[in-house]
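> Quick one: the structure is below, and I'll ask about it shortly.
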Amino acid sequence: MLVSGMKRRSPTLEGFRSLWRQPSLGVAEIAWRWSIGGAAAVLGVLAFFEYLGTLTVTRGDLLLLRSRRPTLISQAMAHILRGSGWRAVQAMAVLVLGLAMGWIVISAIARAATVRALVAYFRKQVAASDVHAEERLSSGWRLSSLLELNFFRVALTLAAFAAFLAAFILGGTVSPAENPSPGAAFLLMLSVIVLVWLAWSVLNWFLSVAAIFVIRDGRDAVASIAATLDLCQNRIGSVFAAGTWFGLAHVVCFFVATTVVAFPLGLAGVLPPAITVGGILLITLLYFAVVDFLYVGRLAAYVAMLEIPEPIANASPGLLPSRPSASDPQLNSGVDADELILSDHPALG
């Protein structure tokens, strides 16, 4: 939308400003993300202990484990784990599929709540007297469309992990035992991993931003992806600026976290191990919290691109065409000012 005479507002700045004015949205984002992460950690630990319960340990294995000799311990571990690989794969598959299904549903509900709040926030910013902005949000959006987008994201992530495994297998074929070439294998694996990561990042970004159009306009999954492409085409500068500034903020947080985490690591020989590990864990959790908080700001920047009218570029009152007023003599003279004869012969006018 183009509006003349209106001061231009940066969507990126509006995204950062929304974090300050609506911090509850960032806290909500952290809450639902960490709830899934905590559930995944608990289920992973329980699955691990359940897997250990299926292993058989003989007296001979116990004697080898108590010998404190690496060679004997490795033989005991190989004997204990023999034939249990398939059970581990089955447990991992069940755990991943269960967590993926839970994430698809919870993420769709949480994203709907976040985007609706952001759209209502920016609509109130544009029209301060509109107290019913949230009530006027499209009620025709379907949860199934968000579930489809999240399903595509999960399938894309699983495909990326499969491609990573394929990269390691491909690197092994390039460097066989008869004619080893570790440099070529490493270069090939690194190239494939980087390309897969770039493809995953771009596609995952499109799918995540498409959720805005599902909730805001009530579109289906395919139409929302198409609308995201239109957004990139029409507002490529704003999209690039938002991604750049929030990406730089992410990088700054990463470097700050890695610098701070060096202190407990440097004091690892002086401090007790529990304090060292606890400090590292605390810094890591704070880093992830800030990253999740910034993600809401970037999402708010994309919503601002859609909700805040864009002023006409390089428009000034002297350049805009003016309409003749009712008091213009030409309008009251009864003569058509657009007559071709008068334009060809000014003297007749």
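> Mind telling me which of the residues Ala160, Ala166, Ala242 ends up being at pLDDT 85 or above, over 28 Å from Arg9 (Cα atoms), in a helix (DSSP H, G or I) and touching a Phe, Trp or Tyr at 6+ places or on another chain (Cβ under 8 Å)?
That would be Ala160, the only listed residue that is at pLDDT 85 or above, over 28 Å from Arg9 (Cα atoms), in a helix (DSSP H, G or I) and touching a Phe, Trp or Tyr at 6+ places or on another chain (Cβ under 8 Å).
> Identify the single condition in (1) within 30 Å of Arg21 (Cβ to Cβ); (2) in a helix (DSSP H, G or I); (3) out of contact with any helix residue (DSSP H, G or I) (no Cβ under 7 Å at 6 or more places or on another chain); (4) modelled with pLDDT under 90 that Ile275 does not satisfy, given that it satisfies every other one.
(1)
> While we're on this one: Could you run through region 187-225 and say how many residues are in contact with a Gly (Cβ under 7 Å, 6 or more places away or on another chain), surrounded by fewer than 20 Cβ atoms within 10 Å (Cβ to Cβ) and either in a helix (DSSP H, G or I) or of a type in the set (Lys, Arg) (or both)?
Residues flagged as in contact with a Gly (Cβ under 7 Å, 6 or more places away or on another chain), surrounded by fewer than 20 Cβ atoms within 10 Å (Cβ to Cβ) and either in a helix (DSSP H, G or I) or of a type in the set (Lys, Arg) (or both) within region 187-225 amount to 1.
> Can you list residue pairs whose Cβ atoms sit under 8 Å apart, with the first residue in region 226-239 being part of a loop (DSSP other than H, G, I, E, B) and the second being surrounded by 11 or more Cβ atoms within 10 Å (Cβ to Cβ) and hydrophobic (A, V, I, L, M, F, W, C)? Count only pairs 6 or more apart in sequence or on different chains.
Arg235/Met305
> In region 160-171, what residues are among the aliphatic types (A, V, I, L, M) and in contact (Cβ under 8 Å) with a residue 24 or more places away in the chain?
Across region 160-171, the qualifying residues are Ala160, Ala163, Ala166, Ala167.
> State which residue pairs qualify: first residue part of a loop (DSSP other than H, G, I, E, B) and inside region 172-186, second residue loosely packed, with under 12 Cβ neighbours inside 10 Å in any location, beta carbons under 7 Å apart, and separation of 6 or more residues or different chains.
Ser175/Pro182
> Does any residue of region 104-116 turn out to be touching a helix residue (DSSP H, G or I) at 6+ places or on another chain (Cβ under 7 Å), assigned to a helix (DSSP H, G or I), at pLDDT below 85 and farther than 25 Å from Gly44 by Cβ?
Scanning region 104-116 turns up no residue that is touching a helix residue (DSSP H, G or I) at 6+ places or on another chain (Cβ under 7 Å), assigned to a helix (DSSP H, G or I), at pLDDT below 85 and farther than 25 Å from Gly44 by Cβ.
> Being part of a loop (DSSP other than H, G, I, E, B) and surrounded by 15 or more Cβ atoms within 10 Å (Cβ to Cβ) is the requirement here; does Arg9 meet it?
yes
> Applying the selection to region 50-91, what residues are within 44 Å of the chain's Cα centre (by Cα) and either part of a loop (DSSP other than H, G, I, E, B) or among the polar types (S, T, N, Q) (or both)?
The answer is Thr54, Leu55, Thr56, Ser74, Arg82, Gly83, Ser84, Gln90.
The values are calculated or read from the model by the stated rules, or taken from the named source; none is laboratory data. Bear in mind the structure is a predicted one, so any value in this text is a computation, not a measurement. Here the Cβ is made from the backbone with ideal geometry for all residues, glycine too, and neighbour counts use every protein chain on show.
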